[in-house]
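Student: Mind looking over this structure? Questions follow.
Just so it is clear, none of the values below were taken in a lab; they were calculated from the coordinates. What you are looking at is a predicted structure, and each value in this text was computed from that prediction instead of being measured. No Cβ is skipped: glycine too gets one built from the backbone with ideal geometry, and neighbour counts run over all protein chains shown.
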Amino acid sequence: MDPESRSERTASATDAAEQDAPEAVLVRVPADPDYLAVIRSASAHVATKFGCTLSEVADLRLAVDEACGLLLRCTVPERRAGVSGDIECRFVLDGPALRVVISRQAQNAAPPQSDEFGWTILGALVDDIIWRVEGPNVHVEIVKRRSAGE
């Protein structure tokens, strides 16, 4: 096989894989309510890129804000050297779903009660909500799916 044709095939396979890869945006801010406006603003921009209506953009902003608030209220931050006190928010545009994973390192976390007001609001605004703890990291994941036909 000719090396040039092989490199063209490899390049086209790589290009196709990159087109299939989900788009992701990462925002990291100090775990302070004063900085949550940065995450809310990013959520509006990402929701617009995702094709949300103005009403859906507002709902996602509110959902992301509430998820950040729950994370701050339900966790005790790590107090070790080398551990940042940041909140990390990752937006992933993956086909028909927009996933928002909000995380922080914590030494203690109490999952919100399913009948808690904030959790109830989240449930009304998004399609899925997941609270999970992985080692020292606590995550709140919210998922918004496109409606059929979009």
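Student: Can you pull the three principal axis extents for the Cα set of the stretch 24-101, in Å, largest first?
Tutor: Result for the stretch 24-101: principal-axis Cα extents of 42, 20, 18 Å.
Student: Run the numbers on the stretch 23-145 and let me know its relative contact order in percent, using alpha-carbon pairs under 8 Å that are six or more apart.
Tutor: Relative contact order comes out at 27 percent.
Student: Taking θ as phi - 60°, what are the ³J(HN,Hα) couplings along the stretch 102-115 by the Karplus curve (6.51, -1.76, 1.60), each to the nearest whole Hz, with x for Gly and Pro?
Tutor: Once rounded to whole Hz, the list reads 10, 9, 7, 7, 9, 8, 8, 9, 10, x, x, 6, 5, 9.
Student: Let me ask something else about it. Which order results if D65, D127 are arranged by neighbouring Cβ count within 10 Å, fewest first?
Tutor: Ordered from fewest to most neighbouring Cβ atoms within 10 Å, D65, D127 come out as D127, D65.
Student: With θ set to phi - 60°, apply the Karplus curve 6.51 cos²θ - 1.76 cosθ + 1.60 along the stretch 53-68 and write out the HN-Hα couplings as whole Hz, x wherever there is a Gly or Pro.
Tutor: Karplus values, whole Hz, x for Gly and Pro: 6, 4, 5, 5, 4, 4, 5, 5, 4, 5, 5, 5, 4, 5, 4, 4.
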